[in-house]
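Here the structure comes first, spelled out in structure tokens, and everything after it is commentary.
The values are calculated or read from the model by the stated rules, or taken from the named source; none is laboratory data. Because the structure is predicted, anything quoted here is derived from the model rather than measured. So basically every Cβ, Gly included, is an ideal-geometry build from the backbone, and we count neighbours across all protein chains shown.
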Amino acid sequence: MHRGPRRLAVTVVAAFAVLGVACDTAPTDPEAGGDLGVEFGEQPAELASEFEQLPVAPGSQAVGPDMETEAAEGAVTRSYEVAGRTPQQVLEFYERELDSRGWVPRVAPTQAGARAWQGEWTHPEIGAWLIVSASPFEPGSEDEIVSQYSLVLRQQRE
């Protein structure tokens with residue numbers, strides 16, 4: 001299986017996810033058009049242990065570096081690919097798993113673009129914000145379903 005185009009796609013998706021949350025202002029809910037009231041600190045070292053506790057969809061394979069820490073943005077990121085799941089199914093997995101682990105939906109999983117999906121959660125006890133974004137890959141076979149997804153974990157400030 002040729003991975004060059006996949007790695008490029010992973011890098012692009014992860015970059016958009018980090019850039020989408022890397023500004024100094026709080027994120028906004030696109031449907032409400034308002035401020036979600038979230039600010040972020042720069043504590044990626046503390047996030048690394050929390051990141052290791054995040055669920056990973058069954059059958060997933062890590063793509064790219066083990067874990068990327070974006071110190072300037074205060075984020076920890078990781079990308080995966082999984083066969084046999086659509087991007088929507090990946091987000092449905094995270095919706096179930098995160099709810100059972102105390103994560104609160106910030107922005108419900110929704111379609112972001114033609115075929116990509118994204119959702120956002122916060123965890124009040126650990127003060128973190130998680131973005132999960134998924135998009136399809138198109139491997140050689142028309143019958144094979146493969147999705148790439150990225151996790152971006154950021155620390156919230158009060």
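Annotations
- Any hit, segment 142-155, residues being out of contact with any strand residue (DSSP E or B) (no Cβ under 7 Å at 6 or more places or on another chain) and buried (at least 19 other Cβ atoms within 10 Å of the Cβ): no
- Residue that is surrounded by the most Cβ atoms within 10 Å (Cβ to Cβ) [pool: residues in segment 105-115 that are within 16 Å of Glu92 (Cβ to Cβ) and free of Cβ contacts under 8 Å to residues at least 40 places away in the same chain]: Pro109
- Here is the figure for segment 69-85: residues that are surrounded by fewer than 20 Cβ atoms within 10 Å (Cβ to Cβ) and at pLDDT 95 or above total 0.
- Test: Leu19 is within 23 Å of Gln155 (Cα to Cα), modelled with pLDDT of 85 or more and not β-branched (Val, Ile, Thr): no
- Some residue of segment 87-98 being among the basic types (Lys, Arg), over 13 Å from the mean Cα position of the chain (by Cα), closer than 16 Å to Pro55 by Cα and not in a strand (DSSP E or B): yes
- So Trp103, is it aromatic (Phe, Trp, Tyr), over 13 Å from the mean Cα position of the chain (by Cα) and at pLDDT 95 or above: yes
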